[in-house]
Amino acid sequence: MYIEKIRAAVAATEGQYLSYDGEAVFAAFHSSSAGATEASGSIWSERPYLISVSSPETEEDVPNFVSRVDCTELDFRDTLLSAHPEADFTGDASGWVGEISRDESGRVASVVLGGVSVSGTELRSLFALRSTAFELEYDGGFHFTVTGYGHGVGMSQNGANALATYLGYDYKEILTYYYQGTEVK
């Protein structure tokens, strides 16, 4: 069933490509965004067509759109010390989390933990978070509440589905929306 849809889509778009300034684009994509996509420069090298744009998918559209990762104080501390032995996790655990900085898409750019700045992408990796769009709370244990899934750069697959389903966008409109300033050639 799905293979027939895939074959039809491939046949219908044969010979087409997405272009920016006459060159084929790096068409990064991810599963779902937390209200906005991520600018490529926040994770990789900056590309002018991979900027942050709003993305319409919601918890009603996407299974597991919001997830949670819980850690004991000991697991939280030991995981961070394995990557940052210079961090200071003495004293009450309620004081271990400092300033949280967010980028323009609302994702975590960095968090000060035990006096050390740790990037959102590193925390995503260390704690197996589904994205860097998260809240971090402490109440005797540490809790990450995560929205979306993936690095967030480029087209959101679930957002593209929402644009098609609710707003009637076709594939060209979806592509040029998520990859700003591009054209299908």
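Examine the stretch 34-46 for a residue that is part of a loop (DSSP other than H, G, I, E, B), closer than 29 Å to Gly154 by Cα, within 14 Å of the chain's Cα centre (by Cα) and of a type in the set (S, T, N, Q), and state whether such a residue exists. Outline the logic, then answer.
Within the stretch 34-46, the first condition is being part of a loop (DSSP other than H, G, I, E, B), and the residues that meet it are 34-35, 37, 39, 43-46.
Filter again for closer than 29 Å to Gly154 by Cα, leaving 34-35, 37, 39, 43-46.
Filter once more, so that each one left must be within 14 Å of the chain's Cα centre (by Cα): 34-35, 37, 39, 43-44.
Then keep just the ones that are of a type in the set (S, T, N, Q); that gives 37.
Yes, some residue in the stretch 34-46 is part of a loop (DSSP other than H, G, I, E, B), closer than 29 Å to Gly154 by Cα, within 14 Å of the chain's Cα centre (by Cα) and of a type in the set (S, T, N, Q).
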For Ser119: the one exception among (1) surrounded by fewer than 18 Cβ atoms within 10 Å (Cβ to Cβ); (2) touching a residue at least 24 places away in the same chain (Cβ under 8 Å): (2)
Residues within the stretch 59-91 that are within 14 Å of the chain's Cα centre (by Cα) and of a type in the set (Ser, Thr, Tyr), tallied: 1
Residues (surrounded by fewer than 16 Cβ atoms within 10 Å (Cβ to Cβ) and either part of a loop (DSSP other than H, G, I, E, B) or on the phi > 0 side of the Ramachandran plot (or both)) located in the stretch 1-26: Met1, Thr13, Glu14, Gly15, Gln16, Tyr17, Asp21, Gly22
All positions within the stretch 28-50 that are touching a helix residue (DSSP H, G or I) at 6+ places or on another chain (Cβ under 8 Å) and either under 15 Å from Gly181 (Cβ atoms) or open to solvent by less than 30 Å² (accessible area, probe 1.4 Å) (or both): Ala28, His30, Ser32, Ser33, Thr37, Glu46, Arg47, Leu50
Boolean, Glu57 is among the charged types (D, E, K, R), modelled with pLDDT of 95 or more, under 25 Å from Thr147 (Cβ atoms) and in contact with a helix residue (DSSP H, G or I) (Cβ under 6 Å, 6 or more places away or on another chain): yes
Residue list for the stretch 69-109, filter: open to solvent by less than 30 Å² (accessible area, probe 1.4 Å) and closer than 30 Å to Leu50 by Cα: Ser105, Arg107, Val108
So Gly114, is it over 20 Å from Thr13 (Cα atoms) and not β-branched (Val, Ile, Thr): yes
Test: residue in the stretch 81-95 that is out of contact with any strand residue (DSSP E or B) (no Cβ under 9 Å at 6 or more places or on another chain) and under 22 Å from Gly148 (Cβ atoms): no
Residue match in the stretch 166-176 (condition: in contact (Cβ under 8 Å) with a residue 24 or more places away in the chain and either closer than 30 Å to Leu74 by Cα or open to solvent by less than 20 Å² (accessible area, probe 1.4 Å) (or both)): no
Search result, residues across the stretch 108-124 that are assigned to a strand (DSSP E or B) and closer than 16 Å to Ser67 by Cβ: Val108
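Quick check: anything in the stretch 125-135 open to solvent by 70 Å² or more (accessible area, probe 1.4 Å), over 21 Å from Tyr49 (Cα atoms), small (Gly, Ala, Ser) and not in a helix (DSSP H, G or I)? Even if it seems obvious, please write down each step before you answer.
To start, the set of residues in the stretch 125-135 that are open to solvent by 70 Å² or more (accessible area, probe 1.4 Å) comprises 125, 128, 135.
So of that shortlist, the ones also over 21 Å from Tyr49 (Cα atoms) come out as 125, 128, 135.
Applying the additional criterion that residues be small (Gly, Ala, Ser) yields 125, 128.
Subsequent filtering for residues that are not in a helix (DSSP H, G or I) retains 128.
Yes, the stretch 125-135 contains at least one residue that is open to solvent by 70 Å² or more (accessible area, probe 1.4 Å), over 21 Å from Tyr49 (Cα atoms), small (Gly, Ala, Ser) and not in a helix (DSSP H, G or I).
Can you report the number of residues in the stretch 53-107 which are assigned to a helix (DSSP H, G or I), of a type in the set (A, V, I, L, M, F, W, C) and without any contact (Cβ under 8 Å) to a residue 40 or more places away in the chain? Steps first, answer last, please.
In the first step, residues of the stretch 53-107 are kept if they are assigned to a helix (DSSP H, G or I); the result is 73-83, 93-95.
Filter once more, so that each one left must be of a type in the set (A, V, I, L, M, F, W, C): 74, 76, 80-81, 83, 93.
In the following step, the residues that additionally are without any contact (Cβ under 8 Å) to a residue 40 or more places away in the chain were identified as 74, 81.
Selection size over the stretch 53-107: 2.
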Cross-chain or 6+ apart pairs with Cβ under 6 Å, the stretch 133-150 first and of a type in the set (Ser, Thr, Tyr), then outside any strand (DSSP E or B): Tyr138/Ser94; Thr147/Ala34; Thr147/Ala133; Tyr149/Ser31; Tyr149/Arg130; Tyr149/Ser131
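The values are calculated or read from the model by the stated rules, or taken from the named source; none is laboratory data. Given the structure is predicted, the values throughout are model-derived calculations rather than measurements. Note that each Cβ is placed from the backbone with ideal geometry, even for glycine, and that neighbours are counted across all protein chains shown. Just so you know, the surface numbers come from the protein's heavy atoms only, side chains and all, with ligands and any DNA or RNA stripped out. Shrake-Rupley method; radii C 1.70, N 1.55, O 1.52, S 1.80 Å.
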